[in-house]
Amino acid sequence: MVMYTVPVGITTDCVDGMNMKKPSINGSRLDQIVADARRHQEEREKGYREQALKLYPWICGRCAREFTLKNLAELTVHHRDHNHDNNPSDGSNWELLCLYCHDNEHARYINADKSLDRRRTKQDPAATFKPFAGLDGLLGK
Ligand SMILES: [Zn+2]
Ligand SMILES: [Zn+2]
């Protein structure tokens, strides 16, 4: 088994189901791993996205832009602690942000993310194997 040491979580911890592009990396085994991981991630994200959209008004938490069913795809679920595995059902780790504010939020926290990832990796060994998270970054989000 190849170990992947790609940094996770820099721009990828809240892709919010928007990454539907297929990875352009060769190797069917990696493709399979990525496909499986991506499917699981999408299922999980769909779950918390739905919950968050039920809990909160459809308004960007930064620029206060309002959303309707028509443009709801541009409203994303951000994780306040940048850990997409942290999904308390009371929604305390979620924040609804439009695409632009979400990008800004992550750009501001690139350094913070790095230290967070190191901490997270220590606590949860399974978190070290996330090839799809790195691929999201390669795809440019
Ligand atoms: Zn916004
Ligand atoms: Zn986010």
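Values in this text are rule-based calculations from the coordinates and carry no lab data. Just so it is clear, the structure is predicted and the values come from calculations on it, not from any experiment. Virtual Cβ from ideal backbone geometry, glycine too; neighbours counted across all protein chains shown.
Here are a few things to note about the model shown:
- Order by protection proxy (mean Cβ within 10 Å, highest first), peptides 69-75, 50-56: 50-56, 69-75
- For D85, nonlocal amide neighbours, meaning residues 5 or more places apart or on other chains whose placed amide H falls under 5 Å from its own, do not occur.
- Taking amide H as placed 1.01 Å from N in the peptide plane, the amide H of R62 sits under 5 Å from that of C98, each at least 5 places away or on another chain.
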